[in-house]
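J.: This is the structure I have questions about; it appears just below.
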2 protein chains.
Amino acid sequence: MILEAAYLSVRPEATEDFERDFALAAPIISSMDGYRWHQLQRCHEVPNRYLLLVGWDSIESHTVGFRGSPDYARWRDLLHHHYDPFPTVEHFVRVHP
Amino acid sequence: MILEAAYLSVRPEATEDFERDFALAAPIISSMDGYRWHQLQRCHEVPNRYLLLVGWDSIESHTVGFRGSPDYARWRDLLHHHYDPFPTVEHFVRVHP
């Protein structure tokens, strides 16, 4: 299992819109081959900061399958305009436990 | 449930030592009141970067209970010297799903 993780900095005035649009976008990612689960977490200390965690079968499920899918354009259109700056997305492998 | 999350930047030459010391330190955190689970995840793109995720009953379980416990000094002594720079730790609440 691969963990995709990204801190999302959302424009402060747009957090309600972002959460609404994320709920609309979630079925796009969760229908992808190799998708396992996701969580959108909101920061307690910095309320316009979020942590997106997505479990995938492999890195390619995310970078090739999802980003190369026809439906990715809709995900991008729903969500990317809320970010400032645009987030860095990384992949992680569990080492403990 | 509260998620504690921290990106850990470990000195590049110390990743093996860090992972060994983390395994020694893990029983300290997992014995705390309010601890639920933890994962140490290693970054695929930047191998000296880690993501520590800890589930707690409340923020205070972490910030008061754990950090105020007598055993916290041993956690700190095992791990903090591996970090450069010292990490920012934040708390998150799940908003989706």
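Since every read-out is calculated from the coordinates, none of them should be taken as a lab result. This is a predicted model, so every value here is computed, not measured. Neighbour counts run over all protein chains shown; Cβ positions are idealised from the backbone, glycine included.
J.: Two-decimal Rg/Rh of chain A from alpha-carbon positions, Kirkwood Rh? Walk me through the numbers on the way to the answer.
T.: Working: Rg = 13.3 Å, Rh = 13.8 Å.
Result: Rg/Rh = 0.96.
J.: Next question, about the same structure. Counting only C-alpha contacts under 8 Å and six or more residues apart, can you give the relative contact order of chain B as a whole percent? Before the final figure, lay out the partial values.
T.: Numbers: 152 pairs, mean separation 45.4, N = 97.
Answer for chain B is 47 percent.
J.: Do me a favour and compute the ellipsoid semi-axes for the protein assembly as shown from its Cα gyration tensor, root of five times each eigenvalue, largest one first, whole Å. List each step's numbers first, then the result.
T.: Values: eigenvalues 183, 75, 42 Å².
For the protein assembly as shown, the semi-axes come out at 30, 19, 14 Å.
J.: Given label points at 7 Å from Cα along Cα→Cβ, what nm distances, shortest first, separate B:Asp71 from the same residue in every other copy?
T.: Distances to the matching label points in the other copies: 4.4 nm.
J.: Further question on the same structure: Quick one: B:Ile28, A:Ile59, fewest Cβ neighbours within 10 Å first, how do they rank? All intermediate terms of the calculation are to be shown ahead of the outcome.
T.: Working: B:Ile28 19, A:Ile59 15.
By the 10 Å Cβ count, ascending: A:Ile59, B:Ile28.
J.: Next question. If you average the alpha carbon positions of region A:1-78 and of region B:38-68, how far apart do those two centres end up, in angstrom?
T.: 21 Å
J.: If you don't mind, another one. List every residue whose amide H lies under 5 Å from the amide H of B:Ser58, counting only residues 5 or more places away in sequence or on a different chain, with H placed 1.01 Å from N in the peptide plane.
T.: B:Ile2
J.: Can you list the distances in nanometres, one decimal and ascending, from the B:Pro12 label point to the identical position in each other copy, with the point 7 Å along Cα to Cβ?
T.: In nanometres, ordered from closest: 3.7.
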